[in-house]
Amino acid sequence: MKNNIKYTSLALLSASLLSAPLAFAEETSVASGVKKALSESTVKLSFRARYEGVDQDGIDDNASALTLKSRITANTGSFKGLSAGVEVDNVTDIIDNYNSTSNGETDYPVVADPTGTDVNQLFLKYSTENFSATAGRQRILHNNQRFVGGVGWRQNEQTYDGYRFQVKPVKGFSADYSYIYNINRIFGPDGDKADLHGQFHLLNTGYKINKEHKINAYAYLLDFDTAATSSTDTYGVSYNGNFGPVMINAAYATQSDAGDNAADFSADYYNFEVGTKVSTVTLLAGIESLGSDNGVGFSTPLATLHKFQGFADKFLGTPAQGIEDIYFTAKTKINGIKLSATYHDLSSDVDGIDYGSEIDVAAAYAFNKNYSVLVKFASFDADNYASDTDKLCVQVAANF
């Protein structure tokens with residue numbers, strides 16, 4: 001019996017001694033992998049100062065907003081496909097003669113840049129060559145951001161709390177699905193407008209036919225907890241292509257009520273653009289229509305709305321009669337300065353209402369990869385909607 005115990009003890013000791021190098025090697029490998037991931041981590045700083053002045057008919061005092069956004073972004077390297085990221089923003093006002101939507105300064109026009117410190121992103125990500133899954137607060141930008149975007153123009157960006165899955169199962173095809181339970185809005189970081197809760201399903205698929213032609217199909221199912229009038233189901237397709245020197249973009253979508261939305265409607269969206277380059281000037285003409293049905297306009301509450309229907313931001317919400325925007329754009333670059341000018345003719349989708357027109361001009365210059373300056377001016381000439389508005393923006397950015 002003693003010999004059996006002796007032999008058993010020797011066997012266990014031998015097994016332990018033999019497995020020790022393997023365990024040590026595994027621990028060393030893990031430690032090495034973690035160390036490598038940490039060494040590949042990045043920390044970036046950015047600063048964006050912007051003056052935004054607004055002269056709006058019907059409001060006696062002009063808005064003068066000088067704000068500074070300071071941002072720190074940290075991303076780890078990847079260990080066994082896992083990585084993490086965090087991004088924190090602070091918005092400070094230097095000149096505060098404006099209505100930020102939360103500061104109570106309602107005698108001034110709106111410049112939607114509230115002050116405060118906000119966690120803009122905080123996520124854990126797993127990725128392989130053709131798949132990624134992200135959990136937490138994150139940036140989500142779909143296509144041209146007409147339906148899902150980050151509103152990056154505003155100092156406090158729009159980000160999303162939830163889970164995102166991206167896959168590329170075959171060459172040329174991609175699928176992107178997100179389940180979102182909270183929208184971290186531009187009106188934060190504090191107050192009733194800072195967040196929108198609900199159940200939001202965002203699906204975008206894309207197929208690249210070749211280097212000249214791409215199609216997308218998407219579905220956005222939005223069920224808001226406290227903004228039922230925005231609860232909708234939207235399904236659409238888009239196309240981007242080049243035919244020699246001619247560029248064509250086209251999109252169509254249909255939208256109906258969903259969730260607790262008391263309205264009963266079904267409205268259509270379409271966009272068609274054609275462009276070409278003449279010498280050093282790019283010319284673009286387009287029409288975009290957000291339709292109306294039963295007194296409800298087609299809405300895109302998650303979009304980067306500042307990109308569409310004019311810099312003056314007069315149509316951040318679709319009017320009940322819908323909106324049709326016929327626009328013409330010219331863009332060029334002179335001595336490193338990017339120049340653009342756009343004319344918008346804006347009217348209703350139904351009832352033949354002439355909303356007005358707008359002219360937008362912009363100039364941008366990057367001194368190098370770290371420093372840039374941007375100047376934008378918008379002038380909205382009202383007819384039967386809103387009021388005459390002029391807006392001037394001067395922005396300086398630094399990135400490190």
Per the helix-only model, the chain has a calculated mean residue ellipticity at 222 nm (DSSP H runs of ≥4, -39500 (n - 2.57) each, divided over all residues, rounded to the nearest 500) of -3500 deg cm²/dmol
Computed about the Cα centre, the charge dipole of the chain from +1 Lys/Arg and -1 Asp/Glu charges at the Cβ has a magnitude in debye, to the nearest 20, of 3440
The answer for the per residue Cα convex hull volume of the chain, in Å³, is 203
Of the residues Ala84, Ala386, Ile59, the Cα lying farthest along the dipole of the chain towards its positive end, which is defined by charges on the beta carbon of Lys, Arg, Asp and Glu, belongs to Ala84
For the chain, the longest principal axis of the Cα atoms and the Cα long axis of helix 2-39 enclose an angle in degrees, to the nearest 10, of 30
Burial-style ranking of 50-59, 164-173, average other-beta-carbon count within 10 Å with highest first, yields 50-59, 164-173
Cα extents of segment 277-345 per principal axis, largest first, Å, are 50, 19, 16
Candidates Asn97, Asn184, Asn370; GNM for the chain (alpha-carbon contacts under 10 Å) flags as most fluctuating Asn370
Ranked by GNM mean-square fluctuation in the chain (Cα springs under 10 Å), the top entry among Thr42, Thr159, Thr76 is Thr42
Among Leu284, Leu305, Leu38, the residue with the largest mean-square fluctuation in a Gaussian network model of the chain built from Cα contacts under 10 Å is Leu38
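Can you sort Glu212, Glu87, Glu105 so the residue with the fewest Cβ neighbours within 10 Å comes first? Before the final figure, lay out the partial values.
Values: Glu212 12, Glu87 22, Glu105 18.
By the 10 Å Cβ count, ascending, the order reads Glu212, Glu105, Glu87.
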Amide H proximity to Asp195 below 5 Å, modelled H, separation 5+ or other chain, gives Arg185
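Readers should treat all values here as calculations from the given coordinates under stated rules, not as data from a laboratory. Keep in mind that what you see is a predicted model, and the values were worked out from it rather than measured. Neighbour counts are summed over all protein chains in view; Cβ atoms, including those assigned to glycine, are modelled from backbone coordinates with ideal geometry.
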